[in-house]
1. Using the Cα gyration tensor of the range 114-176, with a ≥ b ≥ c the square roots of its eigenvalues, what is the shape: rounded (a/c below 1.5), prolate (a/b larger than b/c) or oblate (neither)?
2. Net charge around residue 209, counting only other residues with Cβ within less than 13 Å of its Cβ (Lys, Arg = +1; Asp, Glu = -1)?
3. Can you give me the Cα centroid spacing of the range 6-23 and the range 62-83 in angstrom?
4. Restricting to Cα pairs below 8 Å that are 6+ residues apart, what does the relative contact order work out to for the chain? Please round to a whole percent.
5. Calculate one ³J(HN,Hα) per residue across the range 130-137 by plugging θ = phi - 60° into the Karplus curve 6.51 cos²θ - 1.76 cosθ + 1.60, and present them in order as whole Hz with x for glycine and proline.
6. Using θ = phi - 60° and the Karplus form 6.51 cos²θ - 1.76 cosθ + 1.60, what ³J(HN,Hα) does each residue of the range 147-157 get, whole Hz, x for Gly and Pro?
7. For the chain, find the longest principal axis of its Cα atoms and tell me its angle to the long axis of helix 204-213, 0 to 90°, nearest 10.
8. Need one word for the range 1-127: rounded, prolate or oblate. Basis is the Cα gyration tensor (sqrt eigenvalues a ≥ b ≥ c); a/c below 1.5 gives rounded, then a/b vs b/c decides.
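Please treat every number below as a calculation from the coordinates, not as lab data. Only a predicted model underlies this, so the values are computations on that prediction, with no experimental measurement involved. Reconstructed Cβ throughout: ideal geometry from the backbone, glycine too, with neighbour counts over all protein chains shown.
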Amino acid sequence: MTRRISDKSKQILHMGEGKGKDYIPYILTSEFNSLGTTSIITDWKTGRNIHCMSQGEAMWYFLLRWDDSNIDIREQFPLDNKITVKIADELGIKHPQDRNHIMTTDFLVTKSDNSLHAYSVKVDKNLNDRTVELLYIEREYWKYNGVPFDMLYSTDVNQVLVNNIRLITEFYNKNAIYDKYSYIKHLIAIKEIDLDISKTVIDNNQIDKILEEIHYE
């Protein structure tokens with residue numbers, strides 16, 4: 001059974017508020033039947049649990065977080081209901097669910113210059129008419145707030161890169177190191193070893209080569 005949290009309770013719990021390790025997403029994975037699609041990722045820099053509603057969101061979280069110009073990522077970020085209702089009315093689009101419903105954006109990213117960039121994640125570009133309508137509302141919302149908004153598609157993901165990031169960031173913290181292989185993964189994760197992880201699969205054979213190059217004993 002799923003346990004949906006009311007908007008009133010979300011406000012009391014300060015969901016959708018905070019930054020960095022203190023941010024609480026407006027929607028939690030526990031509110032939905034997962035069907036193998038939702039996941040919780042532990043952010044390797046802050047230790048915060050990241051709630052992803054799809055595998056596409058999980059993959060793109062890894063990619064966005066790996067980019068050091070992105071200093072904070074807030075998932076399932078709530079939009080101001082008064083503004084989304086106004087935009088829907090102006091566009092002649094039915095607001096999702098009812099006029100009190102709080103819409104969310106998949107990722108709101110804070111850049112190193114403190115600017116913001118909003119993203120919506122979809123499987124591919126084959127979107128139905130209703131999804132396109134809702135994306136119009138979302139796009140106009142961020143335009144109103146002066147924030148760039150872009151689409152991200154699961155089909156555009158570099159799987160080698162995502163798998164490598166997922167693997168090495170388990171050893172981002174020093175206390176996770178337990179052998180020479182985890183040590184090298186740690187060095188790659190903190191970017192002390194320059195390696196194109198978008199093309200090279202990080203396995204023990206690849207790590208053995210790195211160990212030889214750095215004359216590890």
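1. Cα axes put the range 114-176 in the oblate bin.
2. -3
3. The distance from the Cα centre of the range 6-23 to that of the range 62-83 comes to 15 Å.
4. 15
5. Residue by residue, the range 130-137 yields 5, 4, 4, 4, 5, 5, 4, 4 Hz.
6. 10, x, 9, 9, 9, 10, 10, 4, 5, 8, 6
7. Helix 204-213 and the main axis of the chain meet at about 60 degrees.
8. Here the range 1-127 falls in the rounded category.
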